[in-house]
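Novice: Got a structure here, written out as structure tokens. Questions coming.
The values are calculated or read from the model by the stated rules, or taken from the named source; none is laboratory data. All values derive from a computational prediction rather than experimental measurement. Neighbour counts are summed over all protein chains in view; Cβ atoms, including those assigned to glycine, are modelled from backbone coordinates with ideal geometry.
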């Protein structure tokens with residue numbers, strides 16, 4: 001099955017943080033290569049503390065042969081390894097944010113994980129890079145493609161394609 005993951009960072013060397021996360025995700029058991037990656041986008045912080053710096057955001061998609069909940073747990077471990085505290089406030093600046101957007105046609109709603117990600121349709125900073133890698137994808141429970149969701153998403157924040165290029169270590 002194909003899995004999609006959103007990456008974001010606005011503390012430290014954000015480009016290096018995204019690259020390190022991408023590299024670490026490639027090493028998760030069950031992740032199949034090659035994966036695809038969006039461009040990197042610079043985005044205004046949404047709902048963060050006053051004066052928060054801009055984010056760099058991207059989406060990666062890859063084949064995955066495993067349990068979606070285990071993938072979610074492995075992604076959390078990568079966040080911690082890259083400097084995000086295990087107990088963190090919502091919507092604050094952070095060196096890395098990794099969100100599992102979807103995992104095949106899995107629909108899940110538990111205390112730990114909801115798939116597809118429940119806020120995806122309203123987040124232009126996720127939809128824009130997702131449209132780079134899977135514009136025609138229709139997520140489970142939706143009747144519109146990613147491209148159509150992006151076209152109807154609220155203009156809540158500026159999302160600008162960056163000139164920055166991925167570094168994969």
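Novice: Filtering segment 140-159 down to residues that are in a loop (DSSP other than H, G, I, E, B) and in contact (Cβ under 8 Å) with a residue 40 or more places away in the chain, which residue is farthest from residue 46 (Cα to Cα)?
Specialist: Checking each candidate, the answer is 158.
Novice: Is at least one residue of segment 99-120 out of contact with any helix residue (DSSP H, G or I) (no Cβ under 7 Å at 6 or more places or on another chain) and either assigned to a helix (DSSP H, G or I) or under 13 Å from residue 8 (Cα atoms) (or both)?
Specialist: Yes, segment 99-120 has at least one match.
Novice: Considering each of 43, 86 in turn, give the residue that is at pLDDT below 95, surrounded by fewer than 21 Cβ atoms within 10 Å (Cβ to Cβ) and touching a helix residue (DSSP H, G or I) at 6+ places or on another chain (Cβ under 7 Å).
Specialist: 86
Novice: Here is a follow-up. Please name all residue pairs, on different chains or six or more residues apart, with Cβ atoms under 9 Å, provided the first residue is in segment 1-25 and is touching a residue at least 60 places away in the same chain (Cβ under 8 Å) and on the phi > 0 side of the Ramachandran plot and the second residue is buried (at least 22 other Cβ atoms within 10 Å of the Cβ) and assigned to a loop (DSSP other than H, G, I, E, B).
Specialist: Every condition considered, the pairs that remain are 12/96.
Novice: Right, another one. Any idea how many residues of segment 7-31 are touching a strand residue (DSSP E or B) at 6+ places or on another chain (Cβ under 9 Å), surrounded by fewer than 22 Cβ atoms within 10 Å (Cβ to Cβ) and not in a helix (DSSP H, G or I)?
Specialist: Looking only at that region, the number is 3.
Novice: Confirm whether residue 61 is in contact with a strand residue (DSSP E or B) (Cβ under 6 Å, 6 or more places away or on another chain), more than 25 Å from residue 29 (Cβ to Cβ) and either assigned to a strand (DSSP E or B) or modelled with pLDDT of 95 or more (or both).
Specialist: So residue 61 does not fit the description; no.
Novice: Go through (1) in contact with a strand residue (DSSP E or B) (Cβ under 6 Å, 6 or more places away or on another chain); (2) in a loop (DSSP other than H, G, I, E, B); (3) over 23 Å from residue 155 (Cα atoms) and name the single condition residue 79 misses.
Specialist: With respect to (1) in contact with a strand residue (DSSP E or B) (Cβ under 6 Å, 6 or more places away or on another chain); (2) in a loop (DSSP other than H, G, I, E, B); (3) over 23 Å from residue 155 (Cα atoms), residue 79 is out only on (2).
Novice: Take the residues in segment 82-108 that are free of Cβ contacts under 8 Å to residues at least 60 places away in the same chain and touching a strand residue (DSSP E or B) at 6+ places or on another chain (Cβ under 8 Å); name whichever of them is nearest to residue 51 (Cα to Cα).
Specialist: This residue is 84.
Novice: Same structure, new question: May I ask you to verify whether residue 137 is assigned to a helix (DSSP H, G or I), touching a helix residue (DSSP H, G or I) at 6+ places or on another chain (Cβ under 6 Å), surrounded by 15 or more Cβ atoms within 10 Å (Cβ to Cβ) and modelled with pLDDT of 85 or more?
Specialist: Here the answer is no, as residue 137 does not meet what is asked.
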